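*Asks:* Sending over a structure as structure tokens; questions will come in a sec.
The values are calculated or read from the model by the stated rules, or taken from the named source; none is laboratory data. Quick caveat, the model's predicted, so the values are computed rather than measured. Cβ atoms come from the backbone with ideal geometry, glycine included; neighbour counts cover every protein chain shown. When the accessible area is computed, the model is the full protein with side chains, heavy atoms only, and any ligands, DNA or RNA have been set aside. Shrake-Rupley method; radii C 1.70, N 1.55, O 1.52, S 1.80 Å.
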Amino acid sequence: MQADYEMKQLLESIQGLNLAQAKGNRHFEAHVFFDGAVKDRNPTEFVLQLVSLAETVLGVEAEFSTKNATPYGISFSWKLKAADSGKGMAFRIHLKDNLKVKNKKRWSQVMYMSYVLDFLLKQDENASEEDCFVLTTDADVRFTPDSVEALLDLMTRDNTVGAVCARTHPLGSGPLVWYQVFEYAIGHWFQKAAEHVIGSVLCSPGCFSVYRCRAIRDILPQYATNVEHAFDFLTKDMGEDRWFCTLLVQSGWRIEYCAASENSTHCPEDFDEFFKQRRRWVASTLANLMLLIKEWSIISKLNPRVSIIFLVYQMIILSATLIGPSSVILVVTGGLKYSWNIGVTTSVVLQVLVTVGYAATCLLTSSKTQLNVAKLLTFLYAVIMSAVMVGAAVQIANDFSKDSDTVINKASFPISITTLYLGIMVGIFFITGILHLWEFVYLLHGVWFFLCIPAGYLVLMIYSISNITDRSWGTREVKTHSVREVNKSWQDSLTKAFKSFFFCCFKKQLTSATSSTQTELPQTKTTTMRTMSLGRQTTTQESQSMVDEEQPTSLKISDFRYEVLKTLRRNERFSQQALFSYFNAVFDDNSEDEEDTENKVRTVEEWLPKESRDTPAQHELVKRFKEHGFENTIFISRMTEKELKDVGVKSAGLKSFFMENIKRLPDYEIQAFVPKTVDEWLDNIGLGIYKENFKKEQIRIAKDMEVLKSFSRSDIERDLNIKKIGHIKRLLYAISKLRNPTEAEMKLIEVGERLNKPVQVKLSNKDGFEFWDNLRNFCLIPQSTAYGLEKDLKEKLGDLRNAWLMVFAVSNALWMVLIFTLANQGQLLSVAGSNPAGLVVLVLFSFVLLIQFLAMILHRIGTLTHFLGRAPYRMSGEFNMSWAFNDR
């Protein structure tokens, strides 16, 4: 899910691209793929938010969109206007229904890449996969046409380049963002530049990159395969962009980094979201590095740019990552020795115990507890690192204050190796900052990065490895919880008292009305949004744009149907769902599908399977549903598996059947509003049977209803005498919506009304519909969990996690034993007056830093030539500054 300002900056970037290409010689189309955006063609509020912003930024009008029913859901398209020219860009929003096609980013990428290769390019006889490209962005990215053109420069310069990525700048505020600003800076300055120079960039992120269509063609069939093994899950689903690039490198394509191209994207500002994001990144990076090294012999034959030097470099990176936790422990230990004079053995033992304790916490407790402990460790280590910083400064001061006679008598270096290393590090970063002059200020954030080194390389590493069994995306998700019926036995009461006392060890259940605002929102899947633009050379014989080619025929609506639509629109609660369900009935010929998607409220008897009606078991089940407050589909639509079990659905098969049918029910959302009377409100939310209960508590008008905002579940049960769990859930949700709608919400309602005008609905053209239907049948149909490999995958992920934890434990144990053994032999093996233990660590990391520094210098020279090539200079009286756009 994206905030409105994030969506807006993406649309502004698309509009800039639209205006820039108006008089250029490239053709672009913009496509937005929305995950979980419709349910039976009912657009979510995030879709309405996007359309509302598109009206403001792009100048489109919701009611004049071209609406297409597709096998994956529905799409809306417009032809954008261009200044001084009629050559506007096509803009289409693809709304995915997660019940019809697979969700997650990888499958959205498969959709739009297949759409470009197998549909759009085939519609244009002049298009070639060699000079057509896919520009991918995330939903919150800001970029300029000049940045797009810079990426295309590298593509057109070398036809062996399969992908090009840009310099990404994180947006946001706060210390966590400052940490990421420095992290992103050194990652691009050193890591990506080194990979570009000595081999190939290994990750061209989907947030802002260009891919060659010919390269996509080579790997797309493999990229669209399902997860069948635990290791596949780490590569395919945890870091799809990284695996996509691994496949490109394996197929012989080169990936480059273009520092002349820049973009900005919002980064996590919340600690929990940051850790969950990096949990995926760490596991994916390690898995892809292992895959690259494992298949090195084959890759080196297919990709001549990937040399033995690149292999050695990547092996060192992987080894340094494996021993990162123990290296952090050793660095902290040395710092504490200088600053607080804490014994080496004591410090190491304490840190090892903390490390093992946190690993156990990650294996045995909830995610919330793990993150809370991680926050505590991050704070404690930051305090310790500040002491380490002071200790290092004291050591450096002592080194430079040594008496020269003492130095000569001891025949040692005038300064320690550690001081020399720190001096070289400062010099390298200073020179690097000078070479990136506009980003020099980012070096100031290095202080935050230094304080958080243990959090990033010790705490985060343990958290990531211990949670590779977690298959959730982790970021930008809507969390839902159920309010279950609690048994009042003495055992439960004792357990509740125990959990209340030891509150820090258990996940607290939110019961207040304020909490319900967050926990009782409609059950919405993770909403991800990806955009794609197609750039290709245009000719004088260029075919019409996609919107013109796919211009569908209007759906002729009879007067009778129009009257039906007007009737549906009078019901304000369900107007939006009713309209789209009606369209779905028109698009589908199957009467059973029409009945399933109908938005009318049905009783539990009508909703339950027809073939089992009028049986004793069915009567008992109906009775149980009603006892728990799930007497019709308004309340059933929010049921969870645990609540199904509470009402007596014990069979795994029956439970799975019910959950699939519950997913297909409308959400029966409640709009934010303040009613005049409680009777009006209760009728609107489907709880009219409790009017007398409210009147007894003297809750009659809007002023009286203010007290409801403070009601918790226990207050509802005690004061309003509402006991049924389904009714309590509905009431808590309604209370959370008991407020005046914001201006933005009013705008969304108004946009939704105009977007859903029936006279604008179109039928998808035959070719487009067949393409999407074939693609869906080939790889996009959601897999049944019952017939899938979910159970086996979960077990294998557990085994893989245990194996990785063992590898990390052994690697770090051996490394610490080696360092301590060398330390004990320090007098015999003294090198340059320094202990060999510290020297081994410094040599290892200095080798990597030296390679990255030299590669960075070479890359800066290449970037300088790129800038000079793009600089505006006079040739025959004209400014030669742009070849793809007319970017004034």
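*Asks:* Going by amide H atoms built from the backbone, whose H comes under 5 Å of the H on T70, apart from near neighbours?
*Replies:* Here the answer is S75, since their amide H atoms fall under 5 Å of that of T70.
*Asks:* Accessible area per residue of the range 109-168 at 1.4 Å probe, in Å²?
*Replies:* In whole numbers, the range 109-168 has 28 Å² accessible per residue.
*Asks:* Which value, in debye to the nearest 20, describes the size of the charge dipole of the range 142-240 about its Cα centre when Lys and Arg Cβ atoms bear +1, Asp and Glu Cβ atoms bear -1, and nothing else is charged?
*Replies:* 200 debye
*Asks:* Another question about this same structure. If you plug each phi of the range 673-680 into the Karplus form 6.51 cos²θ - 1.76 cosθ + 1.60 with θ = phi - 60°, what whole-Hz ³J(HN,Hα) values come out, in order, with x for Gly and Pro?
*Replies:* Here the 3J(HN,Hα) series is 6, 10, x, 6, 10, 5, 4, 4 Hz.
*Asks:* Given K236/K766; K39/K766; K105/K642; K100/K655; K650/K794, which pairs have Cα atoms separated by over 31 Å?
*Replies:* Beyond 31 Å: K236/K766.
*Asks:* Also, quick follow-up: Counting heavy atoms of the protein chains only and a 1.4 Å probe, report the per residue accessible area for the range 667-784 as a whole number of Å².
*Replies:* 50 Å²
*Asks:* Scan around G36 for amide H atoms under 5 Å from its own, H built in the peptide plane at 1.01 Å from N, and keep only partners 5 or more places away or cross-chain.
*Replies:* Amide H neighbours of G36: K96, N98.
*Asks:* Still on this structure, I have one more. Express the carbon and sulfur contribution to the solvent-accessible surface of the range 614-730 as a percent, rounded to the nearest whole number, probe 1.4 angstrom.
*Replies:* After summing per-atom areas, the C and S share lands at 50 percent.
*Asks:* Continuing with the same structure: Taking only protein heavy atoms into account and a 1.4 Å probe, give the accessible area per residue of the range 299-371 in Å².
*Replies:* Ligands and nucleic acids excluded, the result is 47 Å² per residue.
*Asks:* Taking amide H positions as placed 1.01 Å from N in the peptide plane, with prolines and chain starts having none, which residues 5 or more places from H266, or on another chain, fall under 5 Å of its amide H?
*Replies:* L171
*Asks:* Taking all protein chains in place and a 1.4 Å probe, what share, in percent, of the accessible surface of the range 175-237 do carbon and sulfur account for? Before the final figure, lay out the partial values.
*Replies:* On the way: 970 of 1680 Å².
Here carbon and sulfur together make up 58 percent of the probe-accessible area.
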